[in-house]
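Scroll down for the structure; my scribbles are underneath it.
The values are calculated or read from the model by the stated rules, or taken from the named source; none is laboratory data. Keep in mind that what you see is a predicted model, and the values were worked out from it rather than measured. Using ideal geometry, Cβ is built from the backbone for each residue, glycine included, and neighbour counts are taken over all protein chains shown.
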Amino acid sequence: MAFSGPGGGVMNRRTLVRALVPLVLMGVIFFFSAQPAGGHHAWWVIVVRKLGHITGYALLTAAWWWALRQVVQRPLIWAVGISLVYACSDELHQTFVRGREGTPRDVVIDAIGMGIAAMLIWVRQSTPTGWGQTDARGEAPKSSLGQSP
């Protein structure tokens, strides 16, 4: 079964399964943000949590890009947009959780993760061979730089 997606790309079962990855990740983020917070934390706990925000939203952005890249035009813009809207809604959600607060500062921290993911994806797409690409034998492509004609 296949049908046309909004960007003219064909959506099939594989595409829908790919969409499950970022949706599951969104569920994990929701689960952690629903945990009540209690008291003050040591500075290093706060740093680890903020790094978790950056990592989580970098992964979410990359997962949405991966899910959408054959379905819509400009999937990276869509991935960042979906992740940003989700970060805002997550902070709103936290205002209803005991001991938690939703802050614009956390959305900015989440956006740092989105920016890192977007930059890495953009750089990978901009390089002639891409990062980590291999040929049929699993070997990296050989560069023509430094070889005489």
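Looking only at residues in region 62-77 that are farther than 17 Å from R124 by Cα and not polar (S, T, N, Q), which one is modelled with the lowest pLDDT?
Step one: filter region 62-77 for residues farther than 17 Å from R124 by Cα, giving 71-73.
The next check asks that each one be not polar (S, T, N, Q); those that pass are 71-72.
On the way: V71: 89, V72: 92.
The qualifying residue modelled with the lowest pLDDT is V71.
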### Task
Give the residues of region 69-98 that are outside any loop (DSSP other than H, G, I, E, B), within 15 Å of A19 (Cβ to Cβ) and either polar (S, T, N, Q) or touching a Ser or Thr at 6+ places or on another chain (Cβ under 9 Å) (or both), sorted by residue number.
A79, I82, S83
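Okay, residues lined up against (1) at pLDDT 95 or above; (2) surrounded by 13 or more Cβ atoms within 10 Å (Cβ to Cβ); (3) under 10 Å from the mean Cα position of the chain (by Cα); (4) small (G, A, S):
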{"site": "P36", "(1), (2), (3), (4)": "no, no, no, no"}
{"site": "L60", "(1), (2), (3), (4)": "yes, yes, yes, no"}
{"site": "A79", "(1), (2), (3), (4)": "yes, yes, yes, yes"}
{"site": "M119", "(1), (2), (3), (4)": "yes, no, no, no"}
#### Entry: region 13-34, residues that are surrounded by 15 or more Cβ atoms within 10 Å (Cβ to Cβ) and at pLDDT below 85
T15
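Going by the structure shown, is E101 more than 25 Å from R124 (Cα to Cα), part of a loop (DSSP other than H, G, I, E, B), in contact with a Ser or Thr (Cβ under 7 Å, 6 or more places away or on another chain) and not small (G, A, S)?
Values: more than 25 Å from R124 (Cα to Cα): yes; part of a loop (DSSP other than H, G, I, E, B): yes; in contact with a Ser or Thr (Cβ under 7 Å, 6 or more places away or on another chain): yes; not small (G, A, S): yes.
Taking the combined requirement at face value, the residue satisfies it.
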